[in-house]
Ligand SMILES: [Zn+2]
């Protein structure tokens, strides 16, 4: 009896099942999500993310804990219609909100601005909250505004959102298309990429220790950044163009350049950036509900909001639009095959997207990604890197 028991114990300890306890790997790793839009979504819905928002949003404080997310980078965002005199003020209001929530929940979260503070927060089992500013228009062409955002804790700047700035062209504008990939009717800018001020700004960010984020930027801007930055860069929420050829994704030569730069590509969970057939299925859905969609379009400025409304009204149909979870892992595998395991991570874009792969319902779903990584045969060491270690390396290298 005793012998059988010992044998069983040995078998369990050495079985792949034991070695591959994904939840253990997940909980031990520092899990970083480099892009989340809850600040904008919570403001739109007039709620706060320290409340239980299950069913209403992708994220809230309790669910990050459940999902084993240790570090969340909160996106500070407004669109390009917030011009001079408004965009910087808006960014500061969003930062105020984040600080207010942190003050109310000192036992659950801390705003961190460097890797040392980050590790301390994680060891105290608090969410390490970081700030990323998504859209160069929020500095209103002023380096002192960039300095001010840095002082308030911002540790990355996405050089452009979908709108270009006076000093950097966006991916959308370089292609002359809309968010849905249709012709925008706008003229393609004659001078693409970074202007001399744009290059000065990148160098200034390098000196400050603020990460340069190339998600959303045009290809020429990307290459100008690669040739200017002396520090590793990030793509905080982007996927692979060769699997899903949309304007927001990275082509092979860009992926290789990020590897050479020792930066990191954080994968976006948006179905439309993962699955090239998503927009076709989405179009068919929109066509089925055309009358209703047209009537909503009369009341909103952006078709995205009309789709959001319909997505919430027809959840069963919307479920069928979602790609399988395995597709997200295919993007990850692709990058690993191209440049290795050291340059990829996760940047969900939760609460900024209206569709993610099957099973990735909200921030509690992160452990499922770890499970998939285990199933695909990645070692514990490599999984730990991809869940957050790679991002932390880039953060540290920027701090130097
Ligand atoms: Zn974005």
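Every number in this text was worked out from the coordinates using simple rules, so none of it is lab data. What you see is a predicted model; the values in this text were computed from it and never measured. Note: ideal-geometry Cβ built from the backbone for every residue, glycine included; neighbour counts use all protein chains shown.
Kindly give Rg over Rh for the chain, based on alpha-carbon atoms, with the Kirkwood expression for the hydrodynamic radius. Write down the numbers at each step before the final one.
Working: Rg = 21.1 Å, Rh = 21.6 Å.
Reported Rg/Rh, Kirkwood definition of Rh: 0.97.
Angle, helix 87-104 long axis vs. longest principal axis of the chain, Cα atoms, 0 to 90°, nearest 10?
The answer is roughly 30 degrees.
For the chain, find the longest principal axis of its Cα atoms and tell me its angle to the long axis of helix 390-399, 0 to 90°, nearest 10.
It is inclined by approximately 50 degrees.
How much length would be gained if the chain were fully extended between residue 119 and residue 28, taking 0.36 nm per residue of separation minus their Cα-Cα distance, in nm to one decimal?
31.5 nm
How high is the relative contact order of the chain, in percent, counting Cα pairs under 8 Å that sit 6 or more residues apart?
Relative contact order, the chain: 19 percent.
Test of understanding: what is the full-extension gain from residue 99 to residue 260, defined as 0.36 nm times their sequence separation minus their Cα-Cα distance? Each step should come with its number before you reach the end.
Values: separation 161, 0.36 × 161 = 57.96 nm, distance 3.61 nm.
Full extension of this stretch gives 54.4 nm more.
To the nearest 0.05, what FRET efficiency results for residue 320 and residue 81 with a Förster distance of 35 Å applied to their C-beta separation?
0.55
Go ahead and collect, in residue order, the members of region 136-155 whose backbone nitrogen is under 13 Å from a label point 7 Å along the Cα-Cβ direction of residue 197.
What the label zone holds, given the 13 Å backbone N cut-off, is 136-146.
Hey, got the Cα dimensions of region 296-337 along the principal axes, in Å, largest first?
On the principal axes, region 296-337 reaches 47, 24, 9 Å in Cα extent.
In which sequence would 281, 248, 376 go, from the one with the fewest C-beta neighbours within 10 Å to the one with the most?
With the sparsest Cβ surroundings first, the list reads 376, 281, 248.
Enumerate the residues in region 296-331 having an amide nitrogen under 12 Å from the point lying 7 Å beyond the Cα of residue 277 toward its Cβ.
Only 321-324 fall inside the zone, counting backbone N under 12 Å.
May I ask for log10 I(q)/I(0) of region 145-249 at q = 0.15, 0.16, 0.22 Å⁻¹, from a Debye sum over the Cα atoms as equal point scatterers with solvent left out?
-0.60, -0.68, -1.16
Based on DSSP, what percent of beta bridges with both residues in the chain are antiparallel, to the nearest 5?
Here the antiparallel bridges make up roughly 5 percent for the chain.
Mind checking the angle between helix 303-313 and the chain's longest principal axis? C-alpha axes, 0 to 90 degrees, to the nearest 10.
40 degrees
Go from 0 up to the bin containing the longest alpha carbon distance in region 54-196, width 10 Å each, and give me the % of pairs per bin.
Result, from short to long distances: 11, 34, 30, 20, 6, 0 percent.
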